[in-house]
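> One structure follows; several queries about it will come next.
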2 protein chains.
Amino acid sequence: MTDNATRDIEELIGMMARLPGLGPRSARRAVLHLIKKRALLMMPLAEAMQQVAATARECLACGNIGTSDICDICSSEKRATGEICVVEDVADLWAMERGASFRGRYHVLGGTLSALDAIGPEELRIPKLLDRVRAEGVTEVILALNATVDGQTTAHYIAEQLEGTGVSVTSLAQGVPIGGELDYLDDGTITAALKARKRF
Amino acid sequence: MTDNATRDIEELIGMMARLPGLGPRSARRAVLHLIKKRALLMMPLAEAMQQVAATARECLACGNIGTSDICDICSSEKRATGEICVVEDVADLWAMERGASFRGRYHVLGGTLSALDAIGPEELRIPKLLDRVRAEGVTEVILALNATVDGQTTAHYIAEQLEGTGVSVTSLAQGVPIGGELDYLDDGTITAALKARKRF
Ligand SMILES: [Zn+2]
Ligand SMILES: [Zn+2]
């Protein structure tokens with residue numbers, strides 16, 4: 001493969017290598033795999049991408065991804081429980097929905113506060129969250145942020161902003177994951193699980 | 001994200017998860033990344049895929065991927081050196097070309113002989129290789145197969161088939177990679193490098 005034949009394929013490899021989790025080597029493997037399965041996988045994948053690229057948009061209320069200005073969760077009356085679960089990212093919202101135990105609505109921040117990356121409240125959907133709390137009759141805000149330093153800084157900031165609104169602010173319990181082996185957990189998790197220990 | 005909004009996105013995630021090196025979790029991350037960059041990355045990527053899917057084909061002579069029936073390497077007179085480098089896969093051909101020191105032509109087998117997977121010579125491009133050796137005035141066949149059991153079985157099989165044709169059959173030198181730390185190499189490599197040791 002040289003000259004003009006290469007150009008298109010190398011361009012494709014370059015784009016694939018920009019996806020998170022893929023480097024140049026795995027992008028090359030992926031593109032070769034696609035070329036081998038061009039009718040069965042590559043063409044349908046290209047079409048699915050175009051379809052999603054053309055229709056996907058962020059929900060104006062919560063930041064979830066859907067195909068309309070207001071996502072299915074925000075427009076469902078069944079989910080107007082007065083509970084808002086705050087997550088960093090749409091991937092976290094998907095993870096919560098796979099759990100299928102939360103029946104309220106979400107608010108996707110789009111990241112965490114970070115002094116290092118100069119990300120303040122205005123760069124996230126924090127002002128919008130405060131608006132929603134006032135406007136939607138919210139009774140509980142569940143902070144489901146990652147147990148990282150930035151995640152917890154963000155959680156504390158939001159909790160502070162909600163002080164005096166009368167809204168109950170909670171966060172996910174920390175502890176040993178189901179099936180988790182202590183040996184594989186970091187010390188912080190074990191310490192937190194010990195502090196939050198319950199009568200057996 | 002639920003109901004109809006989900007379907008397209010989940011279908012896309014499912015397709016992405018079929019790429020080598022991506023699992024369901026990394027496919028979800030990749031799709032979210034694409035949706036965030038839908039104008040700058042997702043649309044161009046979909047178009048590049050369609051372009052390559054529509055034009056890419058295997059060279060009828062060597063199995064390389066290009067955009068015509070005979071690839072640029074096979075049709076270049078400059079590369080008619082009488083040397084054919086036999087590789088397992090197009091990815092290996094690309095790796096050799098990045099090295100930019102081989103000036104002959106290639107022959108892509110499309111795999112290795114494997115009793116376990118019932119892959120015999122007819123499933124690979126071995127008969128075609130023997131045809132080319134007779135037809136193209138080949139003087140040397142360089143076996144650049146992987147240093148795996150199947151790769152070496154295949155190399156020995158091809159060498160056997162070429163016995164008596166007067167063609168010189170060689171293989172890549174085995175040894176310590178440049179910059180390689182002994183500590184990270186498997187024992188076989190060290191043994192082979194020791195056996196092939198040269199005066200310093
Ligand atoms: Zn929404
Ligand atoms: Zn060719």
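The values are calculated or read from the model by the stated rules, or taken from the named source; none is laboratory data. In this text, all values refer to a predicted model and were calculated from it rather than measured experimentally. Cβ coordinates were reconstructed from backbone atoms using ideal geometry, including for glycine residues, and neighbour counts include every protein chain displayed. What goes into the accessible areas is simple: the full protein's heavy atoms, side chains included, and nothing from ligands, DNA or RNA. Shrake-Rupley method; radii C 1.70, N 1.55, O 1.52, S 1.80 Å.
> Scan A:ARG103, A:ARG57 and give me the residue that is within 27 Å of B:ALA39 (Cβ to Cβ) and of a type outside the set (A, V, I, L, M, F, W, C). Spell out how you get there, then give the answer.
On the way: A:ARG103 fails: within 27 Å of B:ALA39 (Cβ to Cβ).
Of A:ARG103, A:ARG57, the one residue that is within 27 Å of B:ALA39 (Cβ to Cβ) and of a type outside the set (A, V, I, L, M, F, W, C) is A:ARG57.
> Further question on the same structure: Any idea which residue in the range B:51-76 is farthest from ligand 1 (Cβ to nearest atom), counting only those that are open to solvent by 50 Å² or more (accessible area, probe 1.4 Å) and within 7 Å of chain A (Cβ to nearest Cβ)?
Going through the qualifying residues, I end up with B:THR67.
> Pick from the range B:110-156 the residues that are assigned to a helix (DSSP H, G or I), touching a Leu at 6+ places or on another chain (Cβ under 6 Å) and not small (Gly, Ala, Ser): which of them is surrounded by the most Cβ atoms within 10 Å (Cβ to Cβ)? Before the answer, list the steps.
Taking the range B:110-156 and keeping what is assigned to a helix (DSSP H, G or I), we get B:121-123, B:126-135, B:149-156.
Then drop every residue that is not touching a Leu at 6+ places or on another chain (Cβ under 6 Å), which leaves B:151, B:153-155.
If we keep only those that are not small (Gly, Ala, Ser) too, we end up with B:153-154.
Numbers: B:THR153: 15, B:THR154: 25.
Taking the candidates together, the pick is B:THR154.
> Looking only at residues that are part of a loop (DSSP other than H, G, I, E, B) and among the small types (Gly, Ala, Ser) in the range A:49-64, which one is nearest to ligand 2 (Cβ to nearest atom)?
Restricting attention to the range A:49-64, the residues satisfying the condition of being part of a loop (DSSP other than H, G, I, E, B) are A:56, A:59-64.
This time we only want the ones that are among the small types (Gly, Ala, Ser), so: A:56, A:61, A:63.
Values: A:ALA56: 40, A:ALA61: 56, A:GLY63: 50 Å.
Of everything passing the filter in the range A:49-64, A:ALA56 is nearest to ligand 2 (Cβ to nearest atom).
> Residues in the range B:65-72: is at least one of a type outside the set (D, E, K, R), under 19 Å from B:VAL138 (Cβ atoms) and in a helix (DSSP H, G or I)? Please lay out each step first, then the result.
Filtering the range B:65-72 for residues of a type outside the set (D, E, K, R) gives B:65-68, B:70-71.
This time we only want the ones that are under 19 Å from B:VAL138 (Cβ atoms), so: B:70-71.
Keeping just the survivors that are in a helix (DSSP H, G or I) gives none.
No: zero hits.
> Look at the range B:21-32 and say how many of its residues are surrounded by fewer than 16 Cβ atoms within 10 Å (Cβ to Cβ) and part of a helix (DSSP H, G or I). Walk me through how you get there before you give the answer.
Looking only at the range B:21-32, we keep the residues that are surrounded by fewer than 16 Cβ atoms within 10 Å (Cβ to Cβ), and these are B:21, B:23-25.
Among the residues that remain, those that are also part of a helix (DSSP H, G or I) are: B:24-25.
Qualifying residue count for the region: 2.
> Only one of these is touching a Cys at 6+ places or on another chain (Cβ under 6 Å) and of a type in the set (A, V, I, L, M, F, W, C): A:ILE142, A:ILE158. Name it. Before you say what the answer is, go through the steps one by one.
Working: A:ILE158 fails: touching a Cys at 6+ places or on another chain (Cβ under 6 Å).
Step by step, each of A:ILE142, A:ILE158 is checked, and only A:ILE142 is touching a Cys at 6+ places or on another chain (Cβ under 6 Å) and of a type in the set (A, V, I, L, M, F, W, C).
> Quick test for you: out of A:LEU40, A:LEU19, pick the one residue that is in contact with a His (Cβ under 8 Å, 6 or more places away or on another chain) and away from ligand 1 (no atom under 16 Å from the Cβ). Let's see the steps before the verdict.
Details: A:LEU40 fails: in contact with a His (Cβ under 8 Å, 6 or more places away or on another chain).
Result of the check over A:LEU40, A:LEU19: A:LEU19.
> Could you give every pair whose Cβ atoms fall below 8 Å, whose first residue belongs to the range A:93-108 and is surrounded by fewer than 16 Cβ atoms within 10 Å (Cβ to Cβ), and whose second residue is at pLDDT 90 or above and not in a helix (DSSP H, G or I), counting only separations of at least 6 or pairs across chains?
Once the first residue is surrounded by fewer than 16 Cβ atoms within 10 Å (Cβ to Cβ) and sits in the range A:93-108, its partners that are at pLDDT 90 or above and not in a helix (DSSP H, G or I) give A:ARG103/A:THR81; A:ARG103/A:GLU83.
> With the checklist (1) more than 7 Å from chain B (Cβ to nearest Cβ); (2) out of contact with any helix residue (DSSP H, G or I) (no Cβ under 6 Å at 6 or more places or on another chain) in hand, flag the one item A:ILE35 doesn't pass.
A:ILE35 satisfies every listed condition except (1).
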